[in-house]
Amino acid sequence: MAPSRLIFFKAEDGYGPLCEFLGVPDPGVPYPRVHNRAKLQGEMFVYRLVTWVWWVVFVPPVALLWFSYKWWAQERSQEKGVVESELAVNKSGRDEECLGFLGGGASFGVRRR
C-alpha cells in the first residue's frame, strides 16, 4: 500500500486529521467518545460481579429443588415399601387389619377375613 494512502489515526486526535486525510470538511462537532476510563471500569466491575456472584442467585434454588426431589423420592419409596410389605403380610393371612390406614385395603384387591 502506498504511504500516501495510509493514515495512523488515534481517536484522541478527533476529526481533524481524519477529515484532512479524507479530504472532507470538519463536521464542527466533537469526536464521539463512547468509552471513557471511568465508564469502562464500571462496566468491568459489573461483569466481574456477575461472573463471580451468579451462582449465589441460581445454585441455591436448583439445589433446593434437587434435594426436595430426592427427599420426596425417598419418602415415596419408603411408603411404597411399607404398603407392599403390608400387602404381603395381609395376603399371607397373618394380619387382618394391616391396611386399615389406607381405607381397608379394598382398593388394593386385598380381602378381609
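Some values worked out for this structure:
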item	result
Overall form of the range 1-41 per C-alpha gyration tensor (a/c, 1.5; a/b vs b/c)	oblate
Pairwise FRET efficiency - residue 70 versus residue 38, Cβ, R0 = 35 Å, nearest 0.05	0.15
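Each reported figure results from applying straightforward, stated rules to the coordinates on display, with no laboratory input. These numbers come from a predicted model, not from an experiment. Reconstructed Cβ throughout: ideal geometry from the backbone, glycine too, with neighbour counts over all protein chains shown.
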